[in-house]
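Let me begin by presenting the structure, written as structure tokens, before commenting on it.
The values are calculated or read from the model by the stated rules, or taken from the named source; none is laboratory data. For clarity, every value in this text was computed on a predicted model and none was experimentally measured. We place every Cβ from the backbone using ideal geometry, glycine too, and count neighbours over all the protein chains shown. Accessible surface areas use protein heavy atoms only, side chains included; no ligands, DNA or RNA. Shrake-Rupley method; radii C 1.70, N 1.55, O 1.52, S 1.80 Å.
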Amino acid sequence: MILIYFIFFFLILYYLYSKNYTFWQSLKVPFDKPFFLFGSFYNIAARKEHVFERIRTIYNEFSTPYVGIYIFHQPILLIRSPEILKKVLVKDFDKFTNRNIATNEAADPLAFHTLFIAKDAVWRNLRAKLSPVFTSGKMKLMFPLMQECVDDLHSFLSQHAGEEIEVKMMMKKYSVDIISTCAFGINTFCFRNDNSEILKMATKLVDFKSFVRSISIFSFFFLPRFVDIFRLTFADKSASDYLISVFKNTLQEREKRKIIRHDFIDLLNNLRKSETITDGYKFDDDIKMAAQAIAFFSAGNDTTSITLALTCYELSLNKAIQDRLRQEVTENFHENGSFTYETIQQMKYLDMVISETLRKYPLAPFLTREADVDYTFEETGFTLGKGVSIIVPISGLHYDPQYYPQPDKYDPERFSDDNKKNLTPYTYLPFGEGPRNCIGQRFALLVSKVAMAAIIKDFVFDVTDKTPVPLRFDPGSLFVQNRGGLHLKVTKV
Ligand code: HEM
């Protein structure tokens, strides 16, 4: 009897899915042949391929302006053409304002109020409110806080000079220190305390290693119904509760002792104090402010630390590039006596190096948007229906030899002043593009550059027998990184 039920259930499932899998065919859109139940993402679900590679593979298999894919049962349009991307991301942004991410205010109020997930008017008002927090003037005021964390990173390397070190954890400690001091107003000193509670919570917050958490995060992007049915939360509940209480305590302390640090807490608090009745979005609950700090933590922590670790890795493999970078930062340091907010911006080669790391390893391998209306592509006459989602294949574009010859080669020259102007617009998207791009871009670049300048001036990085060459991305990781550690040898200059 059970077998009959099972077969019946399976047939219904099969019918529903095969019916769905005719969506792109019926619209005459070229499509990636779906695999039963999993669509184009079977290899990801089976943890055979990282999402970075899967998207690049689909991108490479076609030459059309767009490709229809299925993620489980959901039809999604993967857009390959930079001209069309310009329209979706910028020119006609008002028709593609939202990401294709589930929200449920009752089940996950924290996520509902974060910029990455917020939708429509909530997002518009929140983005307008938060944008002044990330201006260069505000970043400059935070620079001294960053400098303290760079000093700890530098001391760590001094203590371990001559040894083999694991750069992913090292850079994670640095980024947790920076974001904790800038977003939560606390000094975590992760280099001095291996058992730092906040370091544990930072790891737990968007932990993709645990099966349940990875399904949870995946559902927000690709199985929105699961989010409602199982009342899933985007961030780990215990980690976010911990961070909310840290945030609230700091806020109370600030008010009581009138401390001013020019960090995100101060800036958010000032925004709250200057609110008027006409403000579209109000920080009328501490949770709404804490949600922003937690979002900065989850969006900025691994992205920055992995970018830095992978830069050290590439510099170890490309010693001429490492030497040239050292020459630039050393000259700059001797000319000015120290690294300042302004001198960091002057270093062109440093900018080229970080840009190339983000080209080769875009931390977000794809962007998502959702059509708010029926939208006709002028180029082909095809109408995309309201509510259908879009994927922007960053990993495909960044490795397309038409735009980046010899894409596997780490070559910062692609971003020299002369070469930069020849790049095809909308093919370099590490921070996304348009009004919904990464709000933390300026902060991330500053944090990355100030660390790189300080360490490359005084230390040399080399590969060892333990360094993974070539790098294989761990399919079980949310970001592009290898499984396990990234070991390099460090010596004093
Ligand atoms: C190397 C580091 C980073 C990379 C590569 C990165 C990349 C991205 C990308 C690709 C997006 C999506 C953009 C789009 O859809 O067009 C994004 C959004 C976002 N990022 Fe970052 N990010 C980084 C660091 C940071 C930091 C340090 C913060 C905060 C302090 C941050 C906060 C955010 C937020 C809040 C959003 C959502 C913006 C919105 O929807 O309006 N990111 N980031």
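May I ask you to list the residues in the range 332-351 that are in contact with a Leu (Cβ under 9 Å, 6 or more places away or on another chain) and either over 25 Å from residue 138 (Cβ atoms) or in a helix (DSSP H, G or I) (or both)? Matches in the range 332-351: 332, 341, 344, 345, 349, 350, 351. Taking the listed residues 403, 410, the one that is part of a loop (DSSP other than H, G, I, E, B), within 21 Å of the chain's Cα centre (by Cα), modelled with pLDDT of 95 or more and farther than 16 Å from residue 69 by Cα is 410, with no other qualifying. Screening the range 154-185 for residues that are closer than 22 Å to residue 293 by Cα and of a type in the set (Ser, Thr, Tyr) and picking the one that is surrounded by the fewest Cβ atoms within 10 Å (Cβ to Cβ) gives 181.
Among the conditions (1) among the acidic types (Asp, Glu); (2) modelled with pLDDT of 90 or more; (3) part of a loop (DSSP other than H, G, I, E, B), the only one that residue 94 does not satisfy is (3). Checking each residue in the range 209-232 for being under 24 Å from residue 76 (Cβ atoms) and under 19 Å from the mean Cα position of the chain (by Cα) picks out 213, 214, 215, 216, 217, 218, 219, 220, 221, 222.
Of all residues in the range 339-374, those being in contact with an Asp or Glu (Cβ under 7 Å, 6 or more places away or on another chain) and either open to solvent by 40 Å² or more (accessible area, probe 1.4 Å) or not hydrophobic (A, V, I, L, M, F, W, C) (or both) number 3.
Can you confirm whether the range 451-460 contains a residue that is of a type outside the set (D, E, K, R), within 22 Å of the chain's Cα centre (by Cα) and not in a helix (DSSP H, G or I)? Checked against the condition, which is being of a type outside the set (D, E, K, R), within 22 Å of the chain's Cα centre (by Cα) and not in a helix (DSSP H, G or I), the range 451-460 yields no hits at all. The residues listed here are 57, 64; of these, the one that is within 13 Å of residue 395 (Cα to Cα) and open to solvent by 30 Å² or more (accessible area, probe 1.4 Å) is 57.
For the range 248-300, a residue qualifies if it is touching a His at 6+ places or on another chain (Cβ under 8 Å) and aliphatic (A, V, I, L, M), and the qualifying residues are 287, 291. Pull out all pairs, ordered by first then second residue, where Cβ-Cβ is under 9 Å, the residues are six or more apart or on different chains, the first lies in the range 417-428 and is modelled with pLDDT under 95, and the second is surrounded by 13 or more Cβ atoms within 10 Å (Cβ to Cβ) and assigned to a loop (DSSP other than H, G, I, E, B). Listed by first residue and then by second, the contacts come to nothing, as the list is empty.
Screening residue 386 on (1) part of a loop (DSSP other than H, G, I, E, B); (2) more than 25 Å from residue 312 (Cα to Cα); (3) out of contact with any Phe, Trp or Tyr (no Cβ under 9 Å at 6 or more places or on another chain) shows it passes everything except condition (3). Pairing each residue of the range 438-449 that is more than 18 Å from residue 144 (Cα to Cα) with any residue that is near the ligand (Cβ under 7 Å from one of its atoms) and modelled with pLDDT of 95 or more, provided the two are 6+ apart or on different chains, yields C-beta distances under 7 Å for 438/431; 438/432; 441/431.
Here residue 281 passes the criteria (1) farther than 21 Å from residue 123 by Cβ; (2) outside any helix (DSSP H, G or I) except the one numbered (1). Residue check: residue 336 meets all listed conditions (1) open to solvent by less than 30 Å² (accessible area, probe 1.4 Å); (2) touching a helix residue (DSSP H, G or I) at 6+ places or on another chain (Cβ under 6 Å) but one, namely (1). For the range 421-471, a residue qualifies if it is within 16 Å of the ligand (Cβ to nearest atom), in contact with a Pro (Cβ under 7 Å, 6 or more places away or on another chain) and open to solvent by 20 Å² or more (accessible area, probe 1.4 Å), and the qualifying residues are 425, 426, 430. Is it fair to say residue 115 is within 10 Å of the ligand (Cβ to nearest atom) and open to solvent by less than 30 Å² (accessible area, probe 1.4 Å)? So residue 115 fits the description; yes.
Take the conditions in contact (Cβ under 8 Å) with a residue 60 or more places away in the chain, surrounded by fewer than 24 Cβ atoms within 10 Å (Cβ to Cβ), away from the ligand (no atom under 11 Å from the Cβ) and β-branched (Val, Ile, Thr) and apply them to residue 321. Does it pass? So residue 321 fits the description; yes. Sub-7 Å Cβ pairs linking a first residue in the range 355-372 that is near the ligand (Cβ under 9 Å from one of its atoms) to a second residue that is in a strand (DSSP E or B), at least 6 apart or interchain, are 366/391; 366/392; 366/393; 367/392; 368/389; 368/390; 368/391; 369/390, ordered by first then second residue.
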